[in-house]
Amino acid sequence: MKTMTCKQMGGPCDLAFHGNSADDVIKAQDAHLKAIVANGDEAHQDALKAMRGRWKNPIKGMGWYRQTKKDFAALPED
Ligand SMILES: [Zn+2]
């Protein structure tokens, strides 16, 4: 298991997500962004927009995805 924070994936807070792969923590952050913005949080709106943009435009999002996978791979195991 590794830990990655919302901030490490371009978000504004230090909430930590745990997973065995970059996809796990990316999915956890997606859910976090949706939930917190649905609750009226403004600080996460840009990160949510960026996340939606990555899904809409996978070619453009690929750079972020590759970088996040690389960052995840470089993290120490918990
Ligand atoms: Zn956050």
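The values are calculated or read from the model by the stated rules, or taken from the named source; none is laboratory data. These figures come from a predicted structure and were not determined experimentally. Using ideal geometry, Cβ is built from the backbone for each residue, glycine included, and neighbour counts are taken over all protein chains shown. When the accessible area is computed, the model is the full protein with side chains, heavy atoms only, and any ligands, DNA or RNA have been set aside. Shrake-Rupley method; radii C 1.70, N 1.55, O 1.52, S 1.80 Å.
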Among helices (runs of 4 or more DSSP H) entirely inside the chain, those with 2 or more residues being over 10 Å from the mean Cα position of the chain (by Cα) and away from the ligand (no atom under 12 Å from the Cβ) are 45-56, 58-74
| Any residue at all in region 39-50 that is closer than 14 Å to Lys2 by Cα and open to solvent by 80 Å² or more (accessible area, probe 1.4 Å)? | no
Of the residues in region 11-30, those that are open to solvent by 60 Å² or more (accessible area, probe 1.4 Å) and either small (Gly, Ala, Ser) or in contact with a Lys or Arg (Cβ under 6 Å, 6 or more places away or on another chain) (or both) number 1
